[in-house]
Amino acid sequence: MSPVRALISSAALAVGMLLGSASAVAASDASIAHVETTDSGLKILVSVPADANADLQGVTVSIGGTDAPATAALAGSTSNVRRTAVLAIDTSNSMRGDRFDSAKRAAIVFIKSVPADVYVGIVAFAGTVTEPLTPTLDRSLARDVVRNLALSRQTRLYDGVLAGVAMAGTEGQRTLLVLSDGADTSATTLESTTAAISTADLLVDVVALDQSGKDTQALQALATAGNGQVINAGRSALAAAFSAEADLLARQVLVKAQTPAGVSGTEATVVVTLPTANGNISAQAFTTVRSGAAPVVLAPAAVPAGSGPPGWVMYAGVVAFGVGLLFVLTLLVPSRAGAPVSLADRVSHYVESQSHATGAAAPRVDTDQALSSAKGAAADLLERNAGLEDRISRRLGAAGSDLKPAEWLLLHTAIFIGAGLLGILIGKGNLLVGILFLALGAVLPWMYLGHRKTRRRKAFNASLPDVLQLMSGSLAAGLSLAQSVDTIVREGVDPIASDFKRVLIEARLGVPLEDALEGVSLRFESKDFEWAVMAIKIQRQVGGNLSELLSTVAATMREREYVRRQVAALAAEGKLSAYVLGGLPPVFLLYLLLTQREFVMPLFTDPRGWVMLGFAAIWLGIGVFWMSKLIKVEV
């Protein structure tokens, strides 16, 4: 059984309120508010105008052009058709004072005046939407709920309307009466709200408190979607407006009619006529007239926002297509022609071919070959950009990574694409979130290498005095400089041991030992070790006691490291203050996004909020830069 929205051919019932006046404007005709089909016929709820005194005994009904036996009675006196009225009340802070008191009094007037068989529910909306009262016949409980309503921030008007639509349910005749004095502040759109109202097929009337002009446009859209009206009322007229709404329900007439046997279809036009002292009033609607028939679709239903595939699916599909295309192109890139094949590779290929010849191996995808092709493509790209390859190589070397530049480029590209896809999925199609994650995917890998580089440099500088002291002792014991370096490789700790091992390998390949040691200072960007290498070069040219020289340099470095640590301890409080002051604004903004989202969303949805965020970021950046310069002490 499906409720039918009134389709009136002659005129629609209108109950309007003049601003500051409580008098209702009487309509000239009736309307069909609801139709239910039964095994024997139809139950029709008819709304009768306020100025009409209908003779219920003289009711006539026509179904599909054929007269049908019918009876009529007031809906409140004899009705087994469920009627539900839901009050959606604005409890935002803008309602404070006399407005809120007037709204409570008007709601209580409605509860007292509405017929006893009407179920009454209450929804309150502000920063959050609450449902303090599900539809009930207990009038005392409903009045207590209204009296206990409290105010809070924001106005989630559309969410409150959606909650009222859901509370009204799907059974019988349903009415939603909305009271609001402000615009919506939630992320819900007006289009999705009106679509939900149209789909639910219930009557929506809106009481606009002290509003006019553009402020009532959204409210008018809500009322239009629910075949209702917007009633503009002041505080003094609220009670009269709510009383008029309750009177509409009290004047409803329940008409029971038997479907004539001559009506062959399942849908037909129903016309109800009631005699009055001033003439007949009538109402008509095209509706379902046979029990068990499918609900009538009077017009193409609007598709509610979000009912189709979510928007992020499109972005995810684009990203997935891009990843797949990149993978295919990688597989199609041939390996570099003429590249020398090592003896180990030749032996490996020979052994693999023999194993395939002796046993019937199932065909499979050669992942090693695909990876080699991808590396070859990355290497070709780096060969055409020598500067980029050199920069990646130096960065990897300083971080102590064993990856080659081509391998790092492939890994970085995969992280970049994966971060973008993750951002699209987390943001549910939000392009800004996807771009943010793409930026993180581009920057974070480089930051990770920089972090490892800084850690290695600090560890190198911390252990350098002990290493120079060990070299000094080895030289004093009669070992050569190369043997002293070998001693450090065998007895030292990383990262010095691994880099000094590289020094020995380069020396065996013909690189002068001093130049190989200078390469260590360049990789670690260590001024201390650069001075030590300079001292070694000078000693090799002019002579002298290298053991004593290195011992002196080591003692100097220890003193400088002591001073450096002392300065760091003294500046620790300033650094902590800089971290707290610089990190508190963004962290607190994130906290508000998680706990009071509606409170801060205007910063991201309103152009004025964008300007405020921009200025905040600029001044915060200036403050962080200034504090970093104050606490940075060079030793």
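None of the figures in this text is laboratory data; all of them are computed from the coordinates on show. It should be emphasised that the depicted structure is a prediction, and the values quoted were computed from it without experimental measurement. Using ideal geometry, Cβ is built from the backbone for each residue, glycine included, and neighbour counts are taken over all protein chains shown.
Peptide packing for 131-137, 608-614 was compared via the average number of neighbouring C-beta atoms within 10 Å per residue; ordered from the highest value, the list is 131-137, 608-614.
Full extension of the chain segment joining Lys537 with Lys629 gains 29.5 nm, where the gain is 0.36 nm per residue of separation less the Cα-Cα distance. Every Cα-Cα pair in the stretch 453-570 was counted, and those over 16 Å apart are 59% of them. Spatially, the stretch 46-95 and the stretch 399-460 are offset by 66 Å when compared through their Cα centroids. Is the C-alpha gyration tensor of the stretch 572-631 telling us rounded, prolate or oblate? Criteria: a/c under 1.5 is rounded; beyond that, a/b larger than b/c is prolate, otherwise oblate. Verdict is oblate for the stretch 572-631.
In terms of the mean number of neighbouring beta-carbon atoms within 10 Å, the peptides 390-402, 555-567 order highest first as 390-402, 555-567. Packing around the peptides 497-504, 83-90, taken as the average count of other Cβ atoms within 10 Å per residue, puts them in this order, highest first: 83-90, 497-504.
Out of Val563, Gln539, Ala476, whose Cα points farthest toward the positive end of the dipole of the stretch 453-570 (charges: +1 Lys, Arg; -1 Asp, Glu; placed on Cβ)? The residue sitting most towards the positive pole is Val563. What's the center-to-center distance, using Cα atoms, between the stretch 580-635 and the stretch 154-174 in Å? Each part reduced to its Cα centre gives a spacing of 38 Å.
Suppose R0 equals 60 Å. What FRET efficiency, 1/(1 + (r/R0)^6) with r the Cβ-Cβ distance, do Arg391 and Glu171 give to the nearest 0.05? After rounding to 0.05, the efficiency reads 0.30. Computed about the Cα centre, the dipole magnitude for the stretch 453-570 is approximately 420 debye when only Lys and Arg (+1) and Asp and Glu (-1) carry charge, each at its Cβ. Cross-link check: pairs Lys501/Lys632; Lys537/Lys632; Lys453/Lys537; Lys112/Lys256; Lys458/Lys501; Lys458/Lys537 evaluated at a Cα-Cα cut-off of 23 Å; pairs beyond the cut-off: Lys501/Lys632; Lys537/Lys632; Lys453/Lys537; Lys112/Lys256; Lys458/Lys537. In nm, to one decimal, how far is the modelled label at Thr134 from the one at Thr595, with both set 7 Å along Cα→Cβ? Taking the simple label geometry, Thr134 and Thr595 are separated by 3.1 nm.
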